[in-house]
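One structure below.
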Amino acid sequence: MTSEPVRIAMWSGPRNISTAMMRSFGSRSDCAVTDEPFYGAFLHKTGFRQPLADQIIAAMDIDWNSVADSMRGPVPDGKAIWYQKHMPHHMVDGVSITDFPDHRHAFLIRDPDHVVASYAAKHVEVTPDDLGYERQLTFIDHAAQITGKAPIILDSADIVQDPERHLKALCAALEIDWDPAMLSWEAGGRKTDGIWASHWYNRVVETTTFGESKDGRPMLTQAQQKVVDRCQMFYNQMSEHRLKVL
């Protein structure tokens, strides 16, 4: 008798080592990965202007229900695990975390000052809504209601500081086997990367493991600091409940 595949929905804000985490899971021989499947639908619905927006919309399925059905459907290549990288702020047209009751949900967070600084390095303007902190907190509440358990929350700074310990804890929380292959990967792009990789993934494609921890606070403009201040409360609430590793 074949066991049911494990579908993992990792809900992350942008600029949050989410692609490195996708690389980590993609290094497992038993795991398929999918990169932000609702991004095209989000851009089409909102008209939000992001780099390569027209190409993304043209290349992706932009029907919300169709994408959701796909994420609940057959796992690519018949793998035992399906890691889906999702952004809470992409979910704006009636589809949300509650439409995935059989997924195992986890949440990746990062201090907003580093997120905003990373956006600034790409010369992209950013607003609090673009970062999705408030919606991510809402989804965490929904996940707790769906599962009746404490949500699985990881801080990117913790992972970068000690990848093995935190990834082992994540696998345990997700009730999947630990695989040391998750600690490293080959440099370069992947066919599973979204077409936005050419703009956003230039640093990730050069990596072979999680990067080094960044100490101190980045320098921000007054406008950027206001964005941080709007997001900080939501981040702090999520951080209080992040996965503790002994």
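The values are calculated or read from the model by the stated rules, or taken from the named source; none is laboratory data. None of the values given here were measured: they were computed from a predicted structure. Cβ coordinates were reconstructed from backbone atoms using ideal geometry, including for glycine residues, and neighbour counts include every protein chain displayed. With ligands, DNA and RNA removed, areas are computed over all heavy atoms of the protein, side chains included. Shrake-Rupley method; radii C 1.70, N 1.55, O 1.52, S 1.80 Å.
Residues that are closer than 19 Å to His105 by Cα, of a type outside the set (Ser, Thr, Tyr) and touching a residue at least 12 places away in the same chain (Cβ under 8 Å), at least 3 per element: which helices (runs of 4 or more DSSP H) completely within region 128-246 meet that?
Because the criterion is at least 3 residues that are closer than 19 Å to His105 by Cα, of a type outside the set (Ser, Thr, Tyr) and touching a residue at least 12 places away in the same chain (Cβ under 8 Å), the helices (runs of 4 or more DSSP H) in region 128-246 that meet it are 133-147, 163-174, 222-239.
Can you spot a residue in region 73-91 that is among the β-branched types (Val, Ile, Thr), under 17 Å from Phe234 (Cβ atoms) and buried (at least 19 other Cβ atoms within 10 Å of the Cβ)?
no
Residue by residue through region 51-72, note down the ones that are open to solvent by 20 Å² or more (accessible area, probe 1.4 Å) and within 30 Å of Asp179 (Cα to Cα).
Asp69, Ser70, Arg72
Spot the failing condition for Thr46; the list is (1) within 18 Å of the chain's Cα centre (by Cα); (2) under 18 Å from Gly132 (Cα atoms), and only one is missed.
Among (1) within 18 Å of the chain's Cα centre (by Cα); (2) under 18 Å from Gly132 (Cα atoms), the lone unmet condition for Thr46 is (1).
Out of Ser29, Ser3, Ser18, I need the residue that is more than 21 Å from Ile153 (Cα to Cα) and at pLDDT below 95. Which one?
Details: Ser29 fails: at pLDDT below 95; Ser18 fails: more than 21 Å from Ile153 (Cα to Cα).
None of the other options fit; the residue is Ser3.
Residues are listed down the side, and each one gets a yes or a no for (1) at pLDDT 90 or above; (2) farther than 29 Å from Trp64 by Cα; (3) of a type in the set (A, V, I, L, M, F, W, C):
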site: Asp102; (1), (2), (3): yes, no, no
site: Leu137; (1), (2), (3): yes, no, yes
site: Leu167; (1), (2), (3): yes, yes, yes
site: Arg203; (1), (2), (3): no, yes, no
site: Gly211; (1), (2), (3): no, yes, no
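Examine region 3-19 for a residue that is of a type in the set (D, E, K, R) and surrounded by fewer than 15 Cβ atoms within 10 Å (Cβ to Cβ), and state whether such a residue exists.
Within region 3-19, one or more residues are of a type in the set (D, E, K, R) and surrounded by fewer than 15 Cβ atoms within 10 Å (Cβ to Cβ).
Can you tell me which residue among Lys79, Lys45 is farther than 24 Å from Ala32 by Cβ, in contact (Cβ under 8 Å) with a residue 40 or more places away in the chain and either in contact with a strand residue (DSSP E or B) (Cβ under 9 Å, 6 or more places away or on another chain) or of a type in the set (D, E, K, R) (or both)?
Lys45
So if I check each of Arg242, Arg190, which one is open to solvent by 40 Å² or more (accessible area, probe 1.4 Å), under 17 Å from the mean Cα position of the chain (by Cα) and either over 15 Å from Arg23 (Cβ atoms) or of a type in the set (Asp, Glu) (or both)?
Working: Arg190 fails: either over 15 Å from Arg23 (Cβ atoms) or of a type in the set (Asp, Glu) (or both).
The match here is Arg242.
Given the options Val115, Val95, name the one that is out of contact with any Cys (no Cβ under 6 Å at 6 or more places or on another chain) and not in a loop (DSSP other than H, G, I, E, B).
Values: Val95 fails: not in a loop (DSSP other than H, G, I, E, B).
One residue alone meets the criteria, Val115.
For region 118-127, give me the residue count where each residue is under 18 Å from the mean Cα position of the chain (by Cα) and either assigned to a helix (DSSP H, G or I) or without any contact (Cβ under 8 Å) to a residue 40 or more places away in the chain (or both).
2
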